[in-house]
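In what follows, a single structure is set out as structure tokens and then discussed.
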Amino acid sequence: VGDLALSHVSFAYNAESDVLHDVSFAVRRGEAIGIVGPSGAGKSTIVQILLRLRDPQSGAVLVNGQDVRGTRRVDWQARVSYVPQASQVVWGTVTDNIRFHRDWITDEQVVAAARRAHIHDDISAWPQGYDTLIGQRANAVSGGQRQRIALARALVAEPQVLVLDEPTSALDVRSEELVQRSLQAIKQDTIIILVAHRLSTLSVCDRIVVMVDGRVSAVGSHTDLMKQS
Ligand code: ADP
Ligand code: ADP
């Protein structure tokens, strides 16, 4: 995926109320874009449209300029990874959680993804570092680390597009920093779409779309928007 855009997207869950009105923005590979706005602004709806869990009533998601509806849903979803706000871990080890039923992924790939997601800052206290990580019970790790496991799980799939929904809103400052550092490194080769309700958590983004009441109210750089707010 070289570039991804929402083009004049409008969406309504029901006939009474429109949720998105003529929303357009674009993001290229090598870039991270932020979507910010108060609760109810339509951010999650945009995420669902990007993931093709919902189709807009009008407008389109464009991938390299082509309507994504020309691609089979499963093929699109194989290229996109999603990290939700508060990720759960499942039963088993950290490795089980990163691999998550993808049996073909090797331990080396799991460790590489764990490194990219900066899980290791917490496990530096563990005697054998990454070797220990392989066998560590996932439900025994901290909340911040759990979220970074979710990031590693998303990265091990080698996504071309990474969508993160408030990935750091429940994290302490240190964990948030580690996630930001990961995203900074990942964005060379992956389109990143980062959703948040606070502008301050979007410093990694090259451009930020401000949503208000289902409309794009501003687009700008992090510094420009911070100045205005
Ligand atoms: P945000 O993620 O910015 O908080 P959402 O996209 O979740 O915003 O919601 C935008 C609007 O759509 C809100 O008014 C919300 O109440 C409404 N909405 C969200 N999901 C549904 C749904 N499944 N059915 C009907 N309305 C919904
Ligand atoms: P599948 O997942 O079965 O391959 P698609 O992902 O191609 O189906 O289509 C999903 C939904 O999008 C369907 O409701 C289909 O009618 C609609 N759709 C597909 N292509 C277009 C298009 N070019 N314009 C508008 N809607 C479309």
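Throughout, read-outs are computed from the coordinates displayed, never taken from laboratory work. Bear in mind the structure is a predicted one, so any value in this text is a computation, not a measurement. So basically every Cβ, Gly included, is an ideal-geometry build from the backbone, and we count neighbours across all protein chains shown.
What ³J(HN,Hα) values, in whole Hz, does the Karplus curve 6.51 cos²θ - 1.76 cosθ + 1.60 give for the range 218-229 when θ = phi - 60°, with x put for Gly and Pro?
Values, residue by residue: 6, 9, x, 7, 4, 5, 4, 5, 5, 4, 6, 8 Hz.
Working from the pairwise distances between different alpha carbons, so that the mean of 1/r is found and then inverted, what is the range 154-227's Kirkwood radius in Å? List each step's numbers first, then the result.
Details: mean 1/r = 0.0759 Å⁻¹.
In the range 154-227 this quantity evaluates to 13.2 Å.
I'd like to know which of I149, Q180, A170 lies farthest towards the positive end of the charge dipole of the chain, counting +1 on Cβ of Lys and Arg and -1 on Cβ of Asp and Glu.
Of the options given, the answer is I149.
Report the label-to-label distance for S39 and R102 in nanometres (one decimal), using points 7 Å from each Cα along the Cα→Cβ vector.
Simple spin-label model gives 3.4 nm for this pair.
What translational D, rounded to a whole number of µm²/s, comes out for the range 95-229 from Stokes-Einstein when the hydrodynamic radius is the Kirkwood one over Cα pairs, at 4 °C and 1.567 mPa s? Before the final figure, lay out the partial values.
Working: Rh = 15.9 Å.
My calculation gives 81 µm²/s for D.
Under 5 Å between amide H atoms, partner at least 5 residues away or on a different chain: which partners does A218 have, H built in plane at 1.01 Å?
Placed amide hydrogens put V210 under 5 Å from A218.
For a quick check: with amide H placed at 1.01 Å from N, whose amide H comes under 5 Å from G59's, ignoring anything fewer than 5 positions away on the same chain?
HN-HN under 5 Å from G59: S10.
Over the chain, calculate the relative contact order: mean separation of alpha carbon pairs under 8 Å at least 6 apart, over the residue count, as a percent. Display every interim value, and only then the final one.
Details: 445 pairs, mean separation 68.5, N = 229.
About 30 percent, as a whole number.
Averaged over every viewing direction, what's the projected area of the C-alpha convex hull for the range 1-117? Give it in nm², one decimal, please. List each step's numbers first, then the result.
Values: hull surface 37.0 nm².
That works out to 9.3 nm², a quarter of the Cα hull's surface.
With every atom except the alpha carbons ignored, what do you get for Rg and Dmax of the chain, in angstroms?
Taking only Cα atoms of the chain, I get Rg and Dmax of 17.8, 59 Å.
Starting from the Cα of H21, move 7 Å in the Cα-to-Cβ direction to define the label point; list residues of the range 198-229 whose amide nitrogen is under 18 Å from there.
Within reach of a label on H21, which here means backbone N under 18 Å from a point 7 Å along Cα→Cβ, the range 198-229 contributes 210-219.
Picking from W104, G70, Q48, whose Cα lies most toward the positive end of the charge dipole for the range 1-126 (charges on Cβ: Lys, Arg +1; Asp, Glu -1)?
Checking the options against the dipole of the range 1-126, the answer is G70.
How big is the dipole moment of the chain about its Cα centre under a simple scheme where the beta carbon of each Lys and Arg is +1, that of each Asp and Glu is -1, and everything else is neutral? Debye, nearest 20, please. List each step's numbers first, then the result.
Working: 24 positive and 25 negative charges, 24 e Å.
Approximately 120 debye in magnitude.
Expected output is a single nm value to one decimal: the length gained when fully extending between E158 and T71, i.e. 0.36 nm times separation in residues minus the C-alpha distance. What is it? Each step should come with its number before you reach the end.
Details: separation 87, 0.36 × 87 = 31.32 nm, distance 1.88 nm.
Length gained between E158 and T71: 29.4 nm.
Return one number: the angle in degrees, 0 to 90 and rounded to the nearest 10, between the long axis of the Cα atoms of helix 143-156 and the longest principal axis of the Cα atoms of the chain.
80 degrees
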